[in-house]
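To start, the structure itself, in structure tokens.
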Amino acid sequence: MCGIVGFKNFSSSTVDLKDHLKSAVKSMTFRGPDYQDTYLTNRMGLGHTRLSVIDTSGNAHQPMTDESGRYVLIFNGEIYNYVALKKNINNVDWKSTSDTEVLLHLLIQEGKDCLDKLNGFFAFAFYDNKEDYLLIVRDRMGIKPLHYFMSKDFFAFGSEIKALLSFPIRRRINQEALYWYLRLTYLPYDLSMIDGVKKLLPGTYLEICSHGFVKRNYFEFKKTNATPLNYEKAKAKTLNLLEQSVERRMIADVPLGAFLSGGTDSSAVVYIASQFNSHLNTFSIGYRDHDFFDETYFAELVAKKFNTNHTTFSLTNQDLLDDIENVIDYMDEPLGDSSAIPTYILSKKVSQSMKVALSGDGADELFGGYYKHMAFSKARNHSFANLAFKSIGSTASLFPTSRSTKWGNMSRRIAKYSHLLKLSLNERYWMLASFKKDADKLLRSPINNETINQLKSLIAPNQIQNLNCFLDSDLKMVLPGDILTKVDLMSMANGLEVRVPFLDKDLVAFARSLPPDYKVRGNKRKSILQDAFRHILPKELHHRPKKGFEVPMLSWLRNELYEDLNQTVFNRDFLQSQGLFNIPSVISLKRQLRSLNPGDVHSELWALYVFQKWYKKYMS
């Protein structure tokens, strides 16, 4: 796991941008604390920061060139099947035992035709200095980030936007991106908050040569045939594919552990990993001051059953608050997912003894693990219960709603579900995906509907007829835009590599072929995954509610963060000088925060808080 950055100059000498490249490399030191270096030619520059995981010797340092000096590679990620791929590469005098060198020679021999063979997660740049040809690529699920900027003068790319901002890029807010951020609390598709900066989409490559540039998909979520396997056989294959995936991800020349939340996903990964490592180190965090959010009891049950070396980090409210500034400070683009805070703290703690950690991320998007997936499935039934919920209508919204209490959360879900039943299938997807459907009310200059619908059509191009269509849209939008971005930023801020077994390409392909009713059955989410491990995991896990990696945000915003919120979000003079927001609409959120019926206002305010902190650092 590393950081990559580079530029290609179209109009002037390397001298003009080489100092910018050095600054860009320096900005990503946390991603690669073990080694940093650059490669420069007349109009081309590549930089790399290394976190040494496979072959930690200097022979695997990057930028890596072949013996002739013609080809250069900078690579962020891991290729798990590199040993098998290496056997089919001939006439090479190998200098290392790294996956980087295998990838370099695979690209030399096969070019972009080799991409479909790669099983792993990656973002890389490959350069042929004889042909002046540059290829940049991002993995098929978007596990590793890759941002780029192109003007008439130069092209630049990097693992993080802070690296790109080391180059002479004019900093202006992308209004469309701001709308979607306020609506979703993260940035979907290829959007960036900086105008002109884009994300290379998952499963995409970009080529630049003397003839111009080409951007194409080498992978996309095409319609797949349903598996012929019955439920029992599909269950067995799910378990088998996850076993193979975890085994692939156990390869490392440094200490490796696992995150353990106590949910089915991370517990399944830990069970399998413990079969390959009898002294597996596992880690979880708990909230000492907030029992409603604490799930360490379940994690410790799993650790005890599989005899792992388990560590629980029991955090006080102040422990969490102390790291908020560090979390926001590392974000070079706003991300309003508050679970970034515990992800950052867990990564910081784990990185003190490990360089690699396994996680259960991706299972919810593949197998239907969220309440919204269950709601979407149940809403399609013509049942008496749905008629009753539909008739509740506005009555449901009269009760106090909040994510922070059991009854408030239930009331919130009932109100949302009753509204959901009145919408079309596609409208249901966007309602369930959004934290604030009327986000344009917060903007001084609202986005027109045509622009909004264009992005909707790219993420969900067809009618969302069933749960699998819903999940495919989540795989394209939620997973790379929110979940994987959060994990990458917060882990790499602490020099920790996080591997995600559920996103193995073979497991993803099989999960997408499963019928919807294998995934969500009535009130049961991730049905096939839970049933595959029912006889293995502690029975207490199978009847527990899903909470996610949440923090007591409503309480914080009403108390510890309230004064800072006033100065950051509700400061009229600052809002006026920005010229971005509808001031009365923003100020109205303050009244809702203090009310008895706050709903999801804390999510909206946290997103605004993060944005304003980011704005003051990068835009002021």
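Averaging sequence separations of C-alpha pairs under 8 Å and six or more residues apart, then dividing by the length of the chain, give the relative contact order as a whole percent. Provide the component values of the computation, followed by the final result.
Numbers: 1114 pairs, mean separation 99.4, N = 620.
About 16 percent, as a whole number.
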Between Ala84 and Phe574, 0.36 nm times their residue separation minus their Cα-Cα distance comes to what? 170.7 nm
Looking only at the chain, where both bridge partners belong to it, what percent of the DSSP beta bridges are antiparallel (to the nearest 5)? 75 percent
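As a test of the formula, what do you get for the chain when each DSSP H run with n ≥ 4 contributes -39,500 (n - 2.57) and the sum is divided by the residue count, at 222 nm and rounded to the nearest 500 deg cm²/dmol?
-12000 deg cm²/dmol
Provide, as a two-decimal number, the C-alpha radius of gyration of the range 110-209 over 2.2 N^0.38 Å, N being how many residues it has.
On the way: Rg = 14.6 Å, N = 100, 2.2 N^0.38 = 12.7 Å.
Normalised Rg, Cα atoms only: 1.15.
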What order, most packed first, do the peptides 520-526, 113-119 have when packing is the mean number of other Cβ atoms within 10 Å of each residue? 520-526, 113-119
Estimated inter-spin distance, Val214 and Leu425, nm [label 7 Å along Cα→Cβ]: 3.6 nm
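Work out how much length Thr451 to Ser57 would gain on full extension: take 0.36 nm times their residue separation and subtract the Cα-Cα distance, in nm to one decimal. Walk me through the numbers before you get to the answer.
On the way: separation 394, 0.36 × 394 = 141.84 nm, distance 4.99 nm.
Full extension of this stretch gives 136.9 nm more.
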Cut-off 14 Å, label 7 Å out along Cα→Cβ of Ser434, residues of the range 450-466 by amide N: 450-457
Looking at the square roots a ≥ b ≥ c of the eigenvalues of the Cα gyration tensor of the range 165-236, which shape do they give, rounded for a/c under 1.5, prolate if a/b is larger than b/c, or oblate? oblate
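Based on the mean of other beta carbon atoms within 10 Å per residue, what is the order of 313-324, 328-339, most packed first? Intermediate values should be presented prior to the final figure.
Numbers: 313-324: 16.1, 328-339: 21.5.
Ranked by mean Cβ neighbours within 10 Å, highest first: 328-339, 313-324.
To the nearest 0.05, what FRET efficiency results for Asp34 and Thr224 with a Förster distance of 35 Å applied to their C-beta separation? Walk me through the numbers before you get to the answer.
On the way: r = 40 Å, r/R0 = 1.15.
Efficiency at R0 = 35 Å is approximately 0.30.
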With the label point 7 Å along the Cα-to-beta-carbon line of Asp319 and a cut-off under 17 Å to each amide N, the hits in the range 264-290 are 282-290
Check each of the chymotrypsin sites (Phe, Trp or Tyr not before Pro) in the range 91-179 and keep only those in coil by DSSP with at most 11 other C-beta atoms within 10 angstrom; list them in order. none
Go ahead and run the numbers for FRET between Asp153 and Glu110, Cβ-Cβ distance against an R0 of 25 Å, rounding to 0.05. 0.15
In order through the range 227-238: 3J(HN,Hα) via Karplus (6.51 cos²θ - 1.76 cosθ + 1.60), integer Hz, x for Gly, Pro: 4, x, 6, 6, 4, 5, 5, 5, 4, 5, 5, 4
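Of the peptides 604-612, 218-226, 243-251, 372-380, how do they stack up when ordered by the mean number of other Cβ atoms within 10 Å, highest first?
Highest-to-lowest ranking by the protection proxy: 604-612, 372-380, 243-251, 218-226.
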I'd like the Kirkwood hydrodynamic radius of the chain, using the inverse of the mean 1/r over distinct C-alpha pairs, in Å. 25.3 Å
Given points 7 Å out from each Cα along the Cα-Cβ axis, report the Asn326 to His535 separation in nanometres with one decimal. 4.5 nm
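Want the number for Val254 to Asp132: 0.36 nm per residue separation, take away the alpha-carbon distance, what's left? Don't skip to the end; give the middle numbers.
Values: separation 122, 0.36 × 122 = 43.92 nm, distance 3.64 nm.
Using 0.36 nm per residue and subtracting the Cα-Cα distance, I get 40.3 nm.
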Give a residue-ordered list of calculated ³J(HN,Hα) values for the range 485-494 (Karplus: 6.51 cos²θ - 1.76 cosθ + 1.60, θ = phi - 60°; whole Hz; x for Gly, Pro). 4, 4, 5, 4, 4, 6, 6, 6, 4, 10
Collect residues whose amide H, placed 1.01 Å from N in the peptide plane, falls under 5 Å from the amide H of Tyr35; neighbours closer than 5 in sequence don't count. Arg50
Filtering GluC sites (Glu not before Pro) in the range 140-212 by DSSP loop and by at most 11 other Cβ atoms within 10 Å leaves none
Separation between the Lys22 and Asn277 pseudo-spin-labels, each 7 Å from Cα along Cα→Cβ, expressed in nm? 3.9 nm
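Computed from the coordinates by the stated procedures, all read-outs in this text should not be read as laboratory data. Keep in mind the model is a prediction, meaning the values are calculated, not measured. Quick reminder, even Gly has a Cβ in these numbers, built from the backbone with ideal geometry, and neighbours come from all protein chains shown.
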